[in-house]
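Below is one structure; the comments refer to it alone.
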Amino acid sequence: MIKRNIRSVHMLLFFLIVPVLFLSAQEELFQKLTDLPAIVSVEALESNHFPEKYVVRVEQPLDHQAPEKGSFNQRVVISHRGFDRPTVMVTEGYGGSYALSPNYQDELSVLFNTNIVFVEHRYFLESTPEPLDWQYLTAQNSAYDLHHVNGLLKTIYPGKWISTGISKGGQTATLYRAFFPDDVDISVPYVAPLNRAIEDPRHLSFLEKVGTKAERKRIKEFQIEVLKRKADMLPLLEEYNEKKQLTYRISPEEVLDYAVLEYPFALWQWGTSVNTIPSLDSDDKTLFEHLLTVSGPDYFSEQQSIASFFVQAARELGYYPYDTKPFRKYLTIPSAGGYLEQLMLPEGVAPVTFSDQLYQKIMNFLENNDPKMIFIYGEYDPWSATRVPDLKGKKNLQIYIEPKGSHRARIRTMPDATQKKIIDQINSWLEE
């Protein structure tokens, strides 16, 4: 009886003390965040994978070279595993709403049991300055944003840091490393292009060789068939636009032209099987619905939501051209040259001049250094046409290409032996 009472007391103390310890641990992180300079707000979030998660707003200068010009708040999502764990810094290239989800994880955080510091890119969603002044949307300012966040949170997470991002986020991770080589220990950019022109011709050369000759022929025949039936496709396009409430700067005929020209790039980018292309004798609706699935016209509409990306592409990041030669007799547009400026840029931005200074800065950094960087690409992804090139004499800088992979290429999609090699390499670096 006495033993049972003692055990009851022990159990009571356990249930009283453990919640206090848990709460105090949470309060420690919360307090650390609120004590940091430039942190405007801290809000707790739910997570199914991390014991603690917060969304914080960090005050950032509009222009890091001239802070007196004003500031804006940048959204940062912090998923916490432990103060002694490595930290993955996700250098998102766009908006970051998806990181708020309780189910959000990053591939590297799963593989290496890390914290996550997820940084929404300036000029996207809640990280958009008001009023909107496009002159401050530069690669340099975005790199300094990340540098500021990194400097703040390294006081909380002193361990190893890995920067990573996908697509434009991979570009951001790459340029961030070029501007601030010592901020992080490791970088893992996924499917990150390195364009050197607003319409980099290497993309066209890639599309002329990707896949098999029979696959490329089938793609081109589909494009031509849709253009041949333009008069029959236009009512379907108008019905689609009315349903989606889409408007454009150009005529419906020109919209259809651009959707058809975009088709091969989009198909290979997202790994759509050529076998899904309907037969050429299919009815109009079948052909049109397949075009919508692969290359929707909304991409060229005034309602598209990534105008900030197109500003950066036109100025510094570069983009890709369209091949109009095989389709000239069917096209309404006289030329596709300059389409980014004509169709995609928000009001008040054009005219623009592309500068290759960012390309040169990144290439100079990669050529003259050997940073711990692992680049992931998909063999069939058109963005890999302008991938980081193989550079001789590099031990740490490594490039892995998923066979027949698309823009969805990740470590987990690589062959087993390649996955192991990448994971072992990163673990080795983390243990140094």
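The values are calculated or read from the model by the stated rules, or taken from the named source; none is laboratory data. Only a predicted model underlies this, so the values are computations on that prediction, with no experimental measurement involved. Positions of Cβ are generated from backbone atoms using ideal geometry, with glycine treated the same way; all protein chains shown enter the neighbour counts. Only protein heavy atoms, including side chains, enter the accessible area calculation; ligands, DNA and RNA are left aside. Shrake-Rupley method; radii C 1.70, N 1.55, O 1.52, S 1.80 Å.
Name the one entry in Leu237, Leu267 that is open to solvent by less than 70 Å² (accessible area, probe 1.4 Å), farther than 30 Å from Ala385 by Cα and in a helix (DSSP H, G or I). Of the residues listed, the single one that is open to solvent by less than 70 Å² (accessible area, probe 1.4 Å), farther than 30 Å from Ala385 by Cα and in a helix (DSSP H, G or I) is Leu237.
Look at region 93-106: where a residue is crowded, with 21+ Cβ neighbours inside 10 Å and a partner is of a type in the set (Gly, Ala, Ser) and at pLDDT 95 or above, sitting 6+ places away or on another chain with Cβ atoms under 7 Å, you get Gly93/Gly165; Gly93/Ser167; Gly93/Gly169.
Close Cβ contacts (under 8 Å, 6 or more residues apart or on different chains) running from residues in region 332-350 that are touching a residue at least 12 places away in the same chain (Cβ under 8 Å) to residues that are part of a loop (DSSP other than H, G, I, E, B) and of a type in the set (Lys, Arg) comprise Gln342/Arg249; Leu343/Arg249.
From the set of residues in region 270-300 that are acidic (Asp, Glu) and part of a helix (DSSP H, G or I), which is nearest to Phe310 (Cα to Cα)? Full working, then the answer.
Initially, region 270-300 is screened for residues acidic (Asp, Glu), giving 281, 283-284, 289, 298.
From what's left, part of a helix (DSSP H, G or I): 284, 289, 298.
On the way: Asp284: 32, Glu289: 26, Asp298: 15 Å.
Per the stated criteria, the residue is Asp298.
In region 94-106, which residues are in contact with a Leu (Cβ under 8 Å, 6 or more places away or on another chain) and assigned to a helix (DSSP H, G or I)? Hits for region 94-106 are Ser97, Leu100. Given the condition under 30 Å from Ile198 (Cβ atoms), at pLDDT 95 or above, charged (D, E, K, R) and surrounded by fewer than 19 Cβ atoms within 10 Å (Cβ to Cβ), answer yes or no: does some residue in region 411-424 qualify? No, region 411-424 contains no residue that is under 30 Å from Ile198 (Cβ atoms), at pLDDT 95 or above, charged (D, E, K, R) and surrounded by fewer than 19 Cβ atoms within 10 Å (Cβ to Cβ).
Only one of the numbered conditions (1) part of a helix (DSSP H, G or I); (2) touching a residue at least 40 places away in the same chain (Cβ under 8 Å); (3) under 30 Å from Pro346 (Cα atoms) is violated by Glu68, and that is (2).
Please count how many residues of region 369-378 are among the polar types (S, T, N, Q) and surrounded by 22 or more Cβ atoms within 10 Å (Cβ to Cβ). Before you say what the answer is, go through the steps one by one.
To start, the set of residues in region 369-378 that are among the polar types (S, T, N, Q) comprises 369.
Imposing the further condition that a residue be surrounded by 22 or more Cβ atoms within 10 Å (Cβ to Cβ) reduces the set to none.
Counting residues in region 369-378 that are among the polar types (S, T, N, Q) and surrounded by 22 or more Cβ atoms within 10 Å (Cβ to Cβ) gives 0.
Yes or no, residue by residue, for (1) open to solvent by 40 Å² or more (accessible area, probe 1.4 Å); (2) touching a strand residue (DSSP E or B) at 6+ places or on another chain (Cβ under 8 Å); (3) assigned to a helix (DSSP H, G or I); (4) of a type outside the set (Lys, Arg):
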position	(1), (2), (3), (4)
Tyr380	yes, no, no, yes
Asp390	yes, yes, no, yes
Tyr400	no, yes, no, yes
Ile426	no, yes, yes, yes
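For (1) open to solvent by 40 Å² or more (accessible area, probe 1.4 Å); (2) within 16 Å of Phe72 (Cβ to Cβ); (3) part of a strand (DSSP E or B); (4) at pLDDT 95 or above, each residue gets a yes or a no:
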site: Ser142; (1), (2), (3), (4): no, yes, no, yes
site: Ser163; (1), (2), (3), (4): no, no, yes, yes
site: Tyr176; (1), (2), (3), (4): no, no, no, yes
site: Pro181; (1), (2), (3), (4): yes, no, no, yes
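Residues of region 214-234 that are open to solvent by 10 Å² or more (accessible area, probe 1.4 Å) and of a type in the set (A, V, I, L, M, F, W, C): Ala214, Ile224, Ala231, Leu234. Restricting attention to region 107-140 and to residues that are over 19 Å from Pro189 (Cβ atoms), among the polar types (S, T, N, Q) and part of a helix (DSSP H, G or I), the residue that is nearest to the chain's Cα centre (by Cα) turns out to be Ser127.
Just checking, which of Gly159, Gly170 is touching a residue at least 24 places away in the same chain (Cβ under 8 Å) and touching a Lys or Arg at 6+ places or on another chain (Cβ under 8 Å)?
Values: Gly170 fails: touching a Lys or Arg at 6+ places or on another chain (Cβ under 8 Å).
Result: Gly159 is the single residue among Gly159, Gly170 that is touching a residue at least 24 places away in the same chain (Cβ under 8 Å) and touching a Lys or Arg at 6+ places or on another chain (Cβ under 8 Å).
Of the set (1) touching a helix residue (DSSP H, G or I) at 6+ places or on another chain (Cβ under 9 Å); (2) free of Cβ contacts under 8 Å to residues at least 60 places away in the same chain; (3) of a type outside the set (A, V, I, L, M), all apply to Glu225 but (2). Within region 124-139, the residues that satisfy the criterion of being open to solvent by less than 30 Å² (accessible area, probe 1.4 Å) and over 19 Å from Ala314 (Cα atoms) are Ser127, Pro129.
Yes or no: Lys285 of a type in the set (D, E, K, R), in contact with a Leu (Cβ under 9 Å, 6 or more places away or on another chain) and surrounded by fewer than 17 Cβ atoms within 10 Å (Cβ to Cβ)?
Numbers: of a type in the set (D, E, K, R): yes; in contact with a Leu (Cβ under 9 Å, 6 or more places away or on another chain): yes; surrounded by fewer than 17 Cβ atoms within 10 Å (Cβ to Cβ): yes.
When the stated conditions are applied, Lys285 passes them.
Taking every residue in region 49-65 that is under 16 Å from Asn150 (Cβ atoms) and pairing it with any residue that is in a strand (DSSP E or B) and among the aromatic types (Phe, Trp, Tyr), at least 6 positions away or on another chain, the pairs with Cβ-Cβ distances below 9 Å are Glu59/Phe72; Gln60/Phe72; Pro61/Phe72. Any residue at all in region 270-279 that is open to solvent by less than 60 Å² (accessible area, probe 1.4 Å), polar (S, T, N, Q) and within 25 Å of the chain's Cα centre (by Cα)? Yes, some residue in region 270-279 is open to solvent by less than 60 Å² (accessible area, probe 1.4 Å), polar (S, T, N, Q) and within 25 Å of the chain's Cα centre (by Cα).
Looking only at residues of region 107-123 that are of a type in the set (A, V, I, L, M) and open to solvent by less than 10 Å² (accessible area, probe 1.4 Å), we find that the one that is nearest to Leu430 (Cα to Cα) is Leu108. Sort out which residues of region 291-312 are open to solvent by less than 20 Å² (accessible area, probe 1.4 Å) and not hydrophobic (A, V, I, L, M, F, W, C), and write them in order of number. Residues satisfying the conditions are Ser295, Gly296, Pro297, Ser301, Ser308, Gln312.
The number of residues in region 313-326 being assigned to a helix (DSSP H, G or I) and surrounded by fewer than 19 Cβ atoms within 10 Å (Cβ to Cβ) comes to 2.
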